[in-house]
Amino acid sequence: MTNLKQNRPLSYSSLKAFSVTPNHLVSYWNKERTSSAAMVKGSLIHTLILEPETFGDVYAIWNGGRRGTNAYKEFIAANENKEIIKPEELEEVKPIAELARKNILIKNLKGAEELIEWEFSGVPFKGFIDGYGEGFILDVKTTTDASPRSFLRDFVKYKYYWQAALYLHANRTLKLAGDNPDFFII
């Protein structure tokens, strides 16, 4: 039997899950999903760009060799609730994060990874806005192919436009980014 809470606010992620099937929404609410390697990599990049100071709270680097050993099991136990990554995984994404942090929008953030709550047509919503500053809201996305054609396909496939619309609507009430901000994906 599923454990569903009543009066749960909606979000971009919950709407996206529901757009697949209602069961996907129930699975989303019950946290019945596993992270793929691409999702872990994207979250790592996201953290390094927007919240580098939290890296040690979220990630632990395993450089002790083979996984499955007693040493690895002890490392896992000592780093409970952290995502375990290899040193080479961190080294692969560092240049991406360093380049993104040079972006003028990232440099001018007034807030990042902030929980926002608002109403849309009387329905409660919430979300974590990646970043905002005077006149802009931004979201950080990762992709395997940043060519315009491929990213446009991802933009539509993953419904990033829904997220943009929701956060721009939230800004009408919250005024985080001033009046009529632009929405950017980095």
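Compactness ratio for segment 141-186: Cα radius of gyration over 2.2 N^0.38 Å (N = residue count) comes to 1.32. Here the convex hull built on the C-alpha positions of segment 77-186 has a volume of 153 cubic angstrom per residue. Below 8 Å between Cα atoms, with a sequence gap of 6+, how large is the relative contact order for the chain in percent? Averaging sequence separation for qualifying contacts and normalising by length gives 20 percent for the chain.
The order of the peptides 12-20, 49-57, 125-133 by mean Cβ neighbours within 10 Å, most packed first, is 125-133, 12-20, 49-57. Overall, the chain carries a charge dipole of about 540 debye about its Cα centre when +1 sits on the Cβ of Lys and Arg and -1 on the Cβ of Asp and Glu, all other atoms neutral.
Computed extension gain for Arg172 through Lys159, at 0.36 nm per residue and net of the alpha carbon distance, reaches 2.6 nm.
When only alpha carbons are used to place a centre, segment 147-186 and segment 70-106 end up 27 Å from one another.
In plain terms, the chain from Ile186 to Ser147 could stretch by 12.7 nm, reckoned as 0.36 nm per residue minus the Cα-Cα distance.
For segment 25-136, the Kirkwood radius over C-alpha pairs fed into Stokes-Einstein at 20 °C and 1.002 mPa s yields D = 129 µm² per second. From helices alone, the chain scores -13500 deg cm²/dmol at 222 nm; the rule is -39500 (n - 2.57) for each run of n ≥ 4 DSSP H residues, then divide by the residue total. Taking the square roots of 5 times each eigenvalue of the Cα gyration tensor of segment 23-83, largest first, gives ellipsoid semi-axes of 24, 18, 11 Å. Nonpolar atom fraction for the chain, defined as the carbon and sulfur part of the 1.4 Å probe accessible area, stands at 53 percent. Each principal axis of segment 84-140 carries a Cα extent, and these read 47, 29, 13 Å when sorted largest first. Think of a 1.4 Å ball rolled over the protein heavy atoms: segment 97-149 then has 59 Å² of accessible area per residue.
For Glu91 and Thr69, the difference between the fully extended length at 0.36 nm per residue and the C-alpha to C-alpha distance is 5.5 nm. Working from Cα pairs under 8 Å separated by at least six residues, relative contact order for segment 33-121 is 35 percent. Axis of helix 87-100 versus longest Cα principal axis of the chain: the two differ by about 30°, to the nearest ten degrees.
Between helix 148-157 and the chain there is an angle of about 80 degrees, using the helix long axis and the longest principal axis of the Cα atoms.
The values are calculated or read from the model by the stated rules, or taken from the named source; none is laboratory data. If you're wondering where the values come from, they're calculated on a predicted model, not measured in any experiment. With ideal geometry, Cβ positions are generated from the backbone for all residues, glycine too; neighbour counts draw on all protein chains shown. Ligands, DNA and RNA are stripped out before the accessible areas are found, and what is left, the full protein with its side chains, is counted by its heavy atoms. Shrake-Rupley method; radii C 1.70, N 1.55, O 1.52, S 1.80 Å.
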